[in-house]
1. Kindly express, to the nearest 10 degrees and within the range 0 to 90, the angle between helix 20-31's C-alpha long axis and the longest C-alpha principal axis of the chain.
2. Using 0.36 nm times the number of residues separating residue 56 and residue 268, minus their current alpha carbon distance, what extension gain do you get?
3. Relative contact order for the stretch 11-265: what percent, with Cα pairs under 8 Å and sequence separation of 6 or more?
4. Give me the Å³ per residue figure for the convex hull around the C-alpha atoms of the chain.
5. Which of the residue pairs 8/148; 65/189; 84/112; 52/131; 148/225; 52/188 have a Cα-Cα distance greater than 26 Å in the structure shown?
6. Could you give the size of the charge dipole of the chain about its Cα centre, using +1 on the Cβ of each K and R and -1 on the Cβ of each D and E, expressed in debye and rounded to the nearest 20?
7. Highest GNM mean-square fluctuation, the chain, Cα pairs closer than 10 Å: which of 39, 205, 166?
8. Please give the contour-minus-distance gain from residue 42 to residue 75: 0.36 nm per residue of separation, less the Cα-Cα distance, rounded to one decimal in nm.
Amino acid sequence: MNLNPKLKGQSALVTGANSGIGEAVAIALANEGANVVVNYITHPENADAVVKRIEQNGGNAMAIKADVSNEEDVQSMFQQMYNKYGTIDILVNNAGIQKDSPFESMSLEDWKLVIDVNLTGQFLCSREAVKEFLKRGVVPGRSCAAGKIICMSSVHQVIPWAGHVNYASSKGGIEMMMKSMAQELAPKKIRVNAIGPGAIETPININAWDTPEAAAKLLTLIPYKRIGVPEDIGKVAAWLASDESDYIVGTTVFVDGGMLLYPGFTTNG
Ligand code: BGC
């Protein structure tokens with residue numbers, strides 16, 4: 001039981017919250033007292049399990065199915081959220097996919113799918129949230145800001161990634177979308193930031209950590225010599241959504257065990 005919840009009385013929507021990083025973020029926000037929408041597109045049973053876990057911890061949550069790359073789905077998801085919780089204070093744009101392939105054989109379909117979900121999905125959800133933030137404004141006593149948006153990016157908004165051109169492009173796009181939104185919306189008291197996770201143990205990268213050989217190889221890229229866990233991101237998201245980070249605007253917080261420190265240069269160069 002958290003005696004001093006940082007997000008009391010606030011409502012949050014986390015996209016792609018039925019597994020991995022999104023699940024940990026949903027749980028962390030709920031632990032800080034927020035009502036949480038657990039968005040999902042497949043595996044409703046996993047979304048229900050996240051809702052149940054939050055309720056067992058004494059929190060409030062609901063699962064909503066929506067494809068974040070579909071405008072109508074997104075608008076209907078926000079409406080369902082407002083019907084239950086009345087408004088939105090925090091949006092975590094987390095839903096994301098990888099469709100990896102060598103560049104020359106990357107299909108247009110796989111290019112579009114990744115850009116649609118990872119980048120356009122964040123645009124569509126942010127636009128709905130911003131409409132509500134502007135309409136409602138700051139609620140004194142609830143938060144200093146009229147709304148907070150956290151965009152889940154990646155170290156690959158900085159590190160080029162061969163074999164993953166669609167994914168890296170989507171993350172590079174998220175950085176500039178996030179910063180431009182932050183610049184435009186900060187005067188309206190809307191805080192837009194990003195989190196850039198490194199290698200976090202989730203289903204998206206299971207091949208990179210689920211055997212001792214793969215994990216050892218991955219660790220050569222991580223100066224801190226630990227593969228991340230979803231809770232590492234959940235804690236940062238809860239803080240970035242709270243008034244404790246009220247003066248952080250338009251920044252990406254990297255949570256990567258030092259992956260961005262170019263460990264290949266430790267003994268080279
Ligand atoms: C990717 C993971 C990868 C990590 C570090 C993330 O954005 O989704 O598959 O392990 O970056 O390279």
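1. 30
2. Working: separation 212, 0.36 × 212 = 76.32 nm, distance 5.09 nm.
Here the answer is 71.2 nm.
3. Numbers: 516 pairs, mean separation 51.0, N = 255.
Reported as a whole number, the value is 20 percent.
4. Convex hull of Cα atoms, per residue: 140 Å³.
5. On the way: 8/148 14 Å; 65/189 29 Å; 84/112 33 Å; 52/131 30 Å; 148/225 32 Å; 52/188 36 Å.
Over 26 Å Cα-Cα: 65/189; 84/112; 52/131; 148/225; 52/188.
6. Numbers: 23 positive and 28 negative charges, 181 e Å.
The calculation lands at about 860 debye.
7. Residue with maximal mean-square fluctuation among 39, 205, 166: 205.
8. On the way: separation 33, 0.36 × 33 = 11.88 nm, distance 1.84 nm.
The residue 42-residue 75 span can extend by a further 10.0 nm.
No value in this document is a laboratory result; all are computed from the given coordinates. If you're wondering where the values come from, they're calculated on a predicted model, not measured in any experiment. Backbone-built Cβ (ideal geometry, glycine too); neighbour counts: all protein chains shown.
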